[in-house]
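One structure below.
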Amino acid sequence: MCEPTPSGPPSRRAGARYRLRGPHCARPCPSSEEETEPLASVTGADRPRKKIQRKRLAVAPYFTALLAVLAVLWLSALAGSGWKFPTAKLGLDLQGGLSMTLTAYQQGTDEPPSAETMEQARQIIENRVNSTGVSEPEVFVEGSENIVVNVAGDDIDEEALRDVGAPAELRFRIVTNSTMDTSALEEALAEETPTDEPTDTASETPTEESSETATDDASADPTEETTTEDASGSGQAPTTDEDVTIDDVWAKVGADAAATAQALTAAPADEATMALLEPFGELTPEEVSLLPANVQFFVPQITCEQLDNRPPGAVQQADIEVVACSAPEPYSADDPDLTVSYKYLLQPATVLGSDVTQADVGTDQANPNMFVVNVQFSTSGAENWGALTAENVGSQVAIVLDNEVVSAPTINEASTNSTQISGDFTADEANQLADQLNFGSLPTTFVVETINEVTATLGVDQLKAGMIAMMLGLILVFLYSMIYYRLMGFVVLGSLIVATAVLYPAIALLGSQVGLTLTLAGVAGFVVSIGITADSFIVYFERIKEEMAGGRSARSAIPRAWVRARRTILSANAISMISAVVLYILAIGPVRAFAFSLGISTIVDVMIVFLFTHPIAEWLSRGRVLNSQALSGLHTKTAPATGDAAAKG
Amino acid sequence: MSTKQTEKRPSVLSQLYRGETNFQFIANRRKFYLASGIVIAALAVVMVFKGFVLGIDFAGGVQYAVPAASTSASLEDVENAAEAAGAEVGTGQVAGSGDGRSYIIRVGELESDQSTAVRDAMAAEAGVGADSISVSEVSATWGAAVSKQALIALIVFLVLVSAFIWIRYERRMAIASLGALAHDIVITVGIYSLVGFEITPSTIVGLLTILGYSIYDTVVVFDKVQENTAQLLKSRNQTFAEAVNDAVNQTLMRSINTSIIGVLPVAALLFVGVGMLGVGTLKDLALVLFVGMIVGAYSSIFLAAPWVVDLAERSAAFQRHNKKVATARAAGEKSEKPAAKAADDEDEDDDRLELAKTDDLPLELLEEPVKTGSAPRSGPSRSGQSRPNNAKKRKRR
């Protein structure tokens, strides 16, 4: 891209310049004298020389191009920042703030969610983050299954943010059975055993499905039919990474307990069965989620705590029966620490969160102190809702959000396109439910993978550390090249400065235009790339040295060296580029910033070598400096003493 | 000038500087293989028996950074406060110094309300506001997720880079550079296990970067090897091994410089990362790069190039060529003076220029007044005449 066509006025001018300086240059280099002589004898009388001279590299276009690039970058960076001095957009780890990574939790499959799903989820999460009242949150998709939420500043409600990834997969399910879970109460009371087995609440309509196989609740020997029927229930189990299967769970609780549990159609009352079912209390939430719904429901040892902690989305699948608990509520008014939950056995859902078009909070007309949530349904949702309510007047319909029953109002009358959810909502609860309904359901569920909260002080420290590392790196590299290449060390320094002058506005521009943030990892990438950038110069200079060792003057060695060094530099940079691009595309986490820095530095490096280092070396070679042994640091044909000194340095 | 210099052999450093060293990298390659083999075997044993220290990202947990510049509470006090609040303290350390001093405390996974409680407890103990404590919370699966992606990136990278080297250079070099890469990774990882450095996702990323760097380093050497051997089969002066050895010697200074220049900024990063911040991305990245770059420099000189020779010498073409060289030498009776050899070497060097793959630059641009008489440089005889002149002169000093 940067090879000029060796024709046109600039080169002719260059030719003229050469004639003026040519003799001038040959003289001051003592080392070149002896070899120019024999060589000249071969070619000395050649007049075609002039023609060649005209083709010499014109450096002006390179510098012009470089200046143009710089001007464009700085101007656009200035424009981007509103004509103030452009500043890079700092990442949260450099300015303080909170960064959270949410990972999509796909049920039953290892396939990452589709890009549209992720984008949809991103928008919903962004809405939710905004609703927590933080300023300028940044929500973006990273990789194929992560969503990163970045919030700057110190004043952040971490708890609220944590919930933005909650699935809020709303389901309306008819309650087929419900029971009180007193385990929390028992725990609180610790010493005394609960008065009696769970008491049934309001609607005690037995489930049609499970009642079909109704056998005696005390029957210890199961019938095979029950197991087959339960197959549908186990389908709800999300396959977790641990690869626990339903069989593992049965094995864990023991065959007898498994058989007994599957045969249950009501809560067991006798001591023997209770004792037999004891192992169910030890199951992890993941294992519980694998159990068929009727086992989850009827085994009293399975507590609401276990059920609530099932993996996200455990009850999400709409077309199966599930079990869910309500939020804990005080058992008696006088002691708020004693809580009970209700465990619900729920029918497949026919109305989903996506059927909801709008929800808002209002107050009950009959009772102004009661908050209600008014829900509007979409056309198709209204149909489903109408059918559901018409068939189940008098039943409870549970509104299931995540793994929890938010509310289980009784259907008073059939309704179609809109309905009113009333319950014991506080204003906050009602608002929350309405919000979640409004912001829609996340198309997939998310779990919080990382939360990084950096205080502003630490951020400043880290930024300072990064800058110091960068300066220190530059100084070290410069000192080394000064000692080793002497005058050419300044070319290295110059190139690095130009590289910085190109990179800075580029980063600022990317920051203001596409939201690229400079993170600590990014700074680290730039520091590391100082070495890689400087290395291009090393390759070039070593090559020049080699050529000069072959007996050439700097003037003739430099273009020759360039041809060869160029391909090495391009190959080596291609490798750097491949690694940066691969890392950037495939990796997740802070790595990407690092890879980005490496990549952009590599591009700038190639540009600098072509537009600055090479032309400047070319230009310098015409003067006397590079041909002076003491200054250039490129000569190897010096007296041993000098060589030693240089090498030792 | 020439007479004076023949008497005194320049020092090694000086030779290095001039690219005139003649270390027998290739001839002694079995020793290097053996050395690397022993090191790798030893490190493998260490890795198996000692295992690795995995960071918070792999185990899951919460890390707190409590500013401790102006507190009288000791690290232990703060740890105890955290324990009392219900956290299971894993490790605690003091990071940074002066104003940047802080206690880094890592605890096991916590519920979110617990996490807040622990934070408040520590803030009270250290006498700072809860807001000034930085918290970083990671689930147990995050490290694995990052590693998995890194592994995918690694595979893609290896495939692409092998393809690149194969196309750009040759198959043997692709294989040899992959070998050198594997060597670098195993040794770096082994050192991590040996020293007990903590492995974090940043470490893994750094490791991936080393791959890039290691290959980069190797490519610089291969580039020269390719130059030196492009015309080899047409001449009978040198075996492939000798040509490669020359190439390695000629690029030795370049390799050393490349490594030093690469390591210097990383050292700066490491210094700042450890000295000022104590923990985190900077330190993790810098440490793995520091170790990996040094190993990488070794492998590109001592292993990658020799492997290319080994691979090449298995091919019939090069075996025949070796024989030819041997016969030529035997027939030539004249003792093979290094000077003469080097001269021939130079000779080839020149012939090859116009054949090198990317030499597409208009030759005129080279501005070679000396050469112009001999016009198109494709005339090997002409350039042959002029070049040995220089080369011999140089070598005979």
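Within the stretch A:444-465, the residues that satisfy the criterion of being at the interface with another protein chain (Cβ under 7 Å from one of its Cβ atoms), among the aliphatic types (A, V, I, L, M) and part of a helix (DSSP H, G or I) are A:Leu458, A:Ala465.
Table: residues versus (1) free of Cβ contacts under 8 Å to residues at least 40 places away in the same chain; (2) under 12 Å from the mean Cα position of the chain (by Cα); (3) at negative phi.
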| position | (1), (2), (3) |
| --- | --- |
| B:Arg171 | yes, no, yes |
| B:Ala174 | yes, no, yes |
| B:Thr188 | no, yes, yes |
| B:Ser235 | no, no, yes |
| B:Gln238 | no, no, yes |
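Within the stretch B:131-157, the residues that satisfy the criterion of being in contact (Cβ under 8 Å) with a residue 12 or more places away in the chain, farther than 30 Å from B:Ala174 by Cβ and in a helix (DSSP H, G or I) are B:Ser132, B:Trp142, B:Gly143, B:Ala144.
Every residue, every condition in (1) away from every other protein chain (no Cβ under 14 Å); (2) modelled with pLDDT under 70; (3) within 21 Å of B:Glu137 (Cα to Cα); (4) in a loop (DSSP other than H, G, I, E, B), yes or no:
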| position | (1), (2), (3), (4) |
| --- | --- |
| B:Thr3 | no, yes, no, no |
| B:Ile26 | yes, no, no, yes |
| B:Tyr64 | no, no, yes, no |
| B:Gln93 | yes, no, yes, no |
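Could you tell me whether the stretch A:359-375 includes any residue that is more than 36 Å from the chain's Cα centre (by Cα) and of a type in the set (Asp, Glu)? Yes - at least one qualifying residue is present in the stretch A:359-375. Residue by residue through the stretch A:475-491, note down the ones that are modelled with pLDDT of 85 or more and within 16 Å of B:Arg254 (Cβ to Cβ). Once the filter is applied, which keeps residues that are modelled with pLDDT of 85 or more and within 16 Å of B:Arg254 (Cβ to Cβ), the stretch A:475-491 yields A:Val477, A:Tyr480. With respect to A:Val581, is the statement that it is facing another protein chain (nearest Cβ under 7 Å) and in a helix (DSSP H, G or I) true? Against the criterion (facing another protein chain (nearest Cβ under 7 Å) and in a helix (DSSP H, G or I)), A:Val581 does not qualify.
What do you reckon, is B:Glu242 surrounded by fewer than 23 Cβ atoms within 10 Å (Cβ to Cβ), charged (D, E, K, R), closer than 25 Å to B:Asn28 by Cα and away from chain A (no Cβ under 12 Å)? Considered against the rule, which asks whether it is surrounded by fewer than 23 Cβ atoms within 10 Å (Cβ to Cβ), charged (D, E, K, R), closer than 25 Å to B:Asn28 by Cα and away from chain A (no Cβ under 12 Å), B:Glu242 comes out as yes.
Each row is one residue, and each column tells you yes or no for (1) surrounded by fewer than 22 Cβ atoms within 10 Å (Cβ to Cβ); (2) farther than 25 Å from A:Met180 by Cα.
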| site | (1), (2) |
| --- | --- |
| A:Val323 | no, no |
| A:Lys343 | no, no |
| A:Val375 | no, yes |
| A:Glu391 | yes, yes |
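Among the listed residues B:Ile260, B:Ile301, identify the single one that is of a type in the set (Val, Ile, Thr) and either at the interface with another protein chain (Cβ under 10 Å from one of its Cβ atoms) or without any contact (Cβ under 8 Å) to a residue 60 or more places away in the chain (or both). Checking each option against the conditions leaves just B:Ile260. Scan the stretch A:519-578 for residues that are within 7 Å of chain B (Cβ to nearest Cβ), in contact (Cβ under 8 Å) with a residue 24 or more places away in the chain and not in a helix (DSSP H, G or I) and the total you get is 1. Against the definition (free of Cβ contacts under 8 Å to residues at least 24 places away in the same chain, within 11 Å of chain A (Cβ to nearest Cβ) and within 30 Å of B:Asp284 (Cα to Cα)), how does B:Leu160 come out, yes or no? Yes, satisfied. Taken over the stretch A:466-499, the criterion of being without any contact (Cβ under 8 Å) to a residue 12 or more places away in the chain and away from chain B (no Cβ under 12 Å) is satisfied by A:Met482, A:Phe490, A:Ile497.
In this structure, does B:Ala286 turn out to be within 14 Å of chain A (Cβ to nearest Cβ) and under 22 Å from B:Gln250 (Cβ atoms)? In short, no. Against the definition (more than 11 Å from chain B (Cβ to nearest Cβ) and modelled with pLDDT under 85), how does A:Gly511 come out, yes or no? So A:Gly511 fits the description; yes.
Rundown of residues vs (1) outside the structural domain of B:Ile185 (by TED's automatic domain parsing); (2) buried (at least 22 other Cβ atoms within 10 Å of the Cβ), yes/no style:
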| site | (1), (2) |
| --- | --- |
| B:Val94 | yes, no |
| B:Ile104 | yes, yes |
| B:Ala117 | yes, no |
| B:Ala121 | yes, no |
| B:Ala124 | yes, no |
| B:Ala130 | yes, no |
| B:Ser147 | no, no |
| B:Ile155 | no, no |
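The residues of the stretch A:373-412 that are over 27 Å from A:Lys343 (Cβ atoms) and not small (Gly, Ala, Ser), listed by number, are A:Asn374, A:Gln376, A:Phe377, A:Thr379, A:Glu383.
Checked against (1) within 14 Å of chain A (Cβ to nearest Cβ); (2) under 22 Å from B:Tyr33 (Cα atoms); (3) modelled with pLDDT of 80 or more, B:Tyr169 passes all but a single condition, namely (2).
The values are calculated or read from the model by the stated rules, or taken from the named source; none is laboratory data. Being a predicted model, the structure only gives us computed values, none of them experimental. Using ideal geometry, Cβ is built from the backbone for each residue, glycine included, and neighbour counts are taken over all protein chains shown.
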